[in-house]
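One structure below.
The values are calculated or read from the model by the stated rules, or taken from the named source; none is laboratory data. In this text the structure is predicted, and so the values were computed from the model without any measurement. We place every Cβ from the backbone using ideal geometry, glycine too, and count neighbours over all the protein chains shown. To get the accessible areas, we keep the full protein, side chains included, count just its heavy atoms, and leave off ligands, DNA and RNA. Shrake-Rupley method; radii C 1.70, N 1.55, O 1.52, S 1.80 Å.
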Amino acid sequence: MKKIFAMVATFAVFAMFMMAGFTRIETGEVGLRVDVNKQVLPGELLPGSWNQTVWGDVLQFPVRDVPLSIVDGHPLTSDRTPLADFDMTAAYSINPACVSDLWSKKSRTFHGVNSHNEYLLMQQFVQTTLNTSATKAISKHPALEISNKQAEIQTDIHALVTAELKETGYGECLSVNSIQVRSLVPAADILQSAKNVVIKANELKAKEAEVAIAEAESRRMSAIAQSQANQRVMELETQRILALAVREGKVQTMILPSDFKGIVTTQVK
């Protein structure tokens, strides 16, 4: 009985030792084997595989949706004005077949490190590319229009990053996605200047309206005065014609002024 118990215990310890000497490649990651001489062996270890770490080691790298961000950026607009705030997030993915080459052939300065001290393949390189592309995209727009250009800027950044990765030879290995601009804030003095422009424009419109009203009233009064003058001319002309006719004996009529207030008497013969 003691022998059986000892065998079971030994087997359990051996099993625990073996389990402790293996690591599993998780979904969304790719592994590389490192031998006892610290040399990286060719070929990637795929998700779901178990790999022994008793002799040598296994490195694991996230290859899907590795986060990127820009926080409190101040890129220049087309009118050379720095934004008060620019924030954005993005993510990039790595072709699993490229992991071995990227780790073995590229400088460690190209890679980043997460909070768990795990390497993020090409994170620094892609972050720099993202920063440059964002700066170029924003520099196309004036500060006063930038707040309405979020969707266009996101599209431009994606196109610029993709083109840069392709040009530098990483187009088949790296791809950027999930680009989202979260904050686009022009400088405070630019916003105040724009506000002042609106205020002045409104004041100008009000004054133009006042001038237009005054001009219309002036034309109305002028038309009234002209009408009265015409009427007076017509009255005088009528009186002249009648007076001439009376003098010539053509009209047996007494012409009285329009404002006559006397008494007229007639005598019948």
### Task
Keeping the other protein chains in place, figure out the carbon and sulfur percent of the accessible area of region 94-134, with a 1.4 Å probe.
49
### Summary
Rounded to whole Å², per residue accessible area for region 51-154 with a 1.4 Å probe reads 50
### Net charge over other residues, Cβ less than 15 angstrom from the Cβ of ALA159 (K, R count +1; D, E count -1)
0
### Highest average packing first - 169-175, 102-108, Cβ atoms within 10 Å
169-175, 102-108
